[in-house]
Amino acid sequence: MDAPTQLNVLGLVLSAVLLAMACVRADRVRGRRTSVDPPAPEIPDAAFVVARVVLVTPAGLGVHTAVQGFGVSDDASWNDSELTNAVHRATDEPDGYRFRTDEAGGPLHFDDYASPIEDKVVHEAGGDAPRPV
(Lines give C-alpha, C1' and ligand atoms only; values in the text may rest on other atoms or scores of the structure.)
Protein backbone atom coordinates (compact mmCIF):
# COMPACT_ATOMS: atom_id res chain seq x y z
CA MET A 1 0.00 0.00 0.00
CA ASP A 2 1.22 3.48 -0.79
CA ALA A 3 1.34 6.25 1.80
CA PRO A 4 -1.94 8.03 0.87
CA THR A 5 -3.84 4.74 1.00
CA GLN A 6 -2.35 3.94 4.41
CA LEU A 7 -3.38 7.38 5.64
CA ASN A 8 -6.94 6.85 4.38
CA VAL A 9 -7.17 3.44 6.05
CA LEU A 10 -5.88 4.95 9.29
CA GLY A 11 -8.59 7.63 9.04
CA LEU A 12 -11.25 4.95 8.64
CA VAL A 13 -9.91 2.99 11.62
CA LEU A 14 -9.89 6.11 13.80
CA SER A 15 -13.43 6.93 12.71
CA ALA A 16 -14.52 3.41 13.64
CA VAL A 17 -12.94 3.82 17.08
CA LEU A 18 -14.79 7.11 17.59
CA LEU A 19 -18.07 5.50 16.57
CA ALA A 20 -17.44 2.60 18.94
CA MET A 21 -16.82 5.07 21.75
CA ALA A 22 -20.09 6.84 20.93
CA CYS A 23 -21.99 3.55 21.11
CA VAL A 24 -21.00 2.74 24.69
CA ARG A 25 -24.12 2.74 26.89
CA ALA A 26 -24.51 5.33 29.63
CA ASP A 27 -25.22 2.64 32.27
CA ARG A 28 -21.90 1.00 31.51
CA VAL A 29 -19.99 4.27 31.89
CA ARG A 30 -21.83 5.10 35.12
CA GLY A 31 -21.15 1.62 36.52
CA ARG A 32 -17.47 1.81 35.67
CA ARG A 33 -17.20 5.28 37.12
CA THR A 34 -18.81 4.30 40.43
CA SER A 35 -16.54 1.26 40.71
CA VAL A 36 -13.47 3.48 40.27
CA ASP A 37 -14.68 6.50 42.31
CA PRO A 38 -17.82 5.75 44.42
CA PRO A 39 -18.39 9.25 45.88
CA ALA A 40 -18.24 10.91 42.42
CA PRO A 41 -21.33 12.92 41.43
CA GLU A 42 -23.82 11.44 38.98
CA ILE A 43 -23.32 12.26 35.28
CA PRO A 44 -26.45 13.76 33.65
CA ASP A 45 -27.96 12.24 30.50
CA ALA A 46 -27.34 15.47 28.58
CA ALA A 47 -23.60 14.96 28.98
CA PHE A 48 -23.86 11.63 27.17
CA VAL A 49 -25.87 13.20 24.35
CA VAL A 50 -23.27 15.94 23.93
CA ALA A 51 -20.45 13.37 24.07
CA ARG A 52 -22.12 11.29 21.35
CA VAL A 53 -22.54 14.32 19.10
CA VAL A 54 -18.92 15.31 19.72
CA LEU A 55 -17.71 11.79 18.87
CA VAL A 56 -19.95 11.11 15.86
CA THR A 57 -19.23 14.44 14.13
CA PRO A 58 -15.46 13.91 13.69
CA ALA A 59 -16.08 10.25 12.85
CA GLY A 60 -18.38 11.28 10.00
CA LEU A 61 -15.88 13.88 8.80
CA GLY A 62 -13.12 11.27 8.98
CA VAL A 63 -15.09 8.81 6.85
CA HIS A 64 -15.88 11.55 4.32
CA THR A 65 -12.24 12.64 4.18
CA ALA A 66 -11.00 9.07 3.77
CA VAL A 67 -13.44 8.36 0.93
CA GLN A 68 -12.39 11.57 -0.82
CA GLY A 69 -8.74 10.64 -0.19
CA PHE A 70 -9.23 7.24 -1.84
CA GLY A 71 -10.57 9.04 -4.91
CA VAL A 72 -7.62 11.41 -5.00
CA SER A 73 -5.18 8.55 -4.52
CA ASP A 74 -6.80 6.61 -7.35
CA ASP A 75 -6.75 9.62 -9.69
CA ALA A 76 -3.11 10.38 -8.91
CA SER A 77 -1.81 6.91 -9.67
CA TRP A 78 -1.68 4.92 -12.87
CA ASN A 79 -2.80 1.35 -12.95
CA ASP A 80 -1.03 -1.05 -15.31
CA SER A 81 -3.68 -0.94 -18.03
CA GLU A 82 -3.81 2.88 -18.15
CA LEU A 83 -0.06 3.17 -18.49
CA THR A 84 0.17 0.33 -21.02
CA ASN A 85 -2.62 1.78 -23.15
CA ALA A 86 -1.13 5.28 -23.11
CA VAL A 87 2.30 3.99 -24.11
CA HIS A 88 0.89 1.75 -26.87
CA ARG A 89 -1.22 4.54 -28.31
CA ALA A 90 1.67 6.99 -28.11
CA THR A 91 4.17 4.67 -29.78
CA ASP A 92 1.95 3.05 -32.39
CA GLU A 93 3.62 4.77 -35.31
CA PRO A 94 6.48 7.01 -34.25
CA ASP A 95 7.96 6.72 -37.74
CA GLY A 96 4.97 8.67 -39.06
CA TYR A 97 6.46 11.68 -37.33
CA ARG A 98 9.92 11.09 -38.73
CA PHE A 99 9.06 11.25 -42.40
CA ARG A 100 6.66 14.18 -42.59
CA THR A 101 7.06 16.56 -45.45
CA ASP A 102 7.04 20.31 -45.64
CA GLU A 103 4.89 22.33 -48.07
CA ALA A 104 7.41 21.84 -50.88
CA GLY A 105 7.29 18.05 -50.49
CA GLY A 106 10.72 17.73 -48.94
CA PRO A 107 11.04 15.31 -46.00
CA LEU A 108 11.33 16.72 -42.50
CA HIS A 109 13.87 14.56 -40.69
CA PHE A 110 14.55 14.65 -36.99
CA ASP A 111 15.92 12.18 -34.47
CA ASP A 112 14.05 13.33 -31.40
CA TYR A 113 11.20 10.87 -30.73
CA ALA A 114 10.74 12.04 -27.14
CA SER A 115 8.79 15.22 -27.82
CA PRO A 116 6.23 13.76 -30.29
CA ILE A 117 5.73 10.71 -28.07
CA GLU A 118 5.26 12.94 -25.01
CA ASP A 119 2.80 15.13 -26.94
CA LYS A 120 0.85 12.08 -28.07
CA VAL A 121 0.73 10.61 -24.53
CA VAL A 122 -0.68 13.89 -23.25
CA HIS A 123 -3.15 13.96 -26.16
CA GLU A 124 -4.29 10.39 -25.43
CA ALA A 125 -5.50 11.31 -21.90
CA GLY A 126 -2.18 10.77 -20.22
CA GLY A 127 -1.92 14.29 -18.83
CA ASP A 128 -0.78 13.07 -15.43
CA ALA A 129 1.88 10.78 -16.88
CA PRO A 130 5.37 11.08 -15.42
CA ARG A 131 7.39 13.61 -17.39
CA PRO A 132 10.85 12.64 -18.68
CA VAL A 133 13.72 14.53 -17.13
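The values are calculated or read from the model by the stated rules, or taken from the named source; none is laboratory data. Being a predicted model, the structure only gives us computed values, none of them experimental. Protein only, heavy atoms only, side chains kept; ligands, DNA and RNA dropped before computing areas. Shrake-Rupley method; radii C 1.70, N 1.55, O 1.52, S 1.80 Å.
Would you kindly state how much longer the chain becomes between V54 and M1 on full extension, computed as 0.36 nm times their sequence separation minus their alpha carbon distance, in nm to one decimal?
Extending this stretch completely gives an extra 15.9 nm.
Note that segment 1-54 shows a convex hull volume over its alpha carbon atoms of 95 Å³ per residue.
Got a number for carbon plus sulfur as a percent of segment 1-88's accessible area, 1.4 Å probe?
Working: 4270 of 6340 Å².
That share works out to 67 percent.
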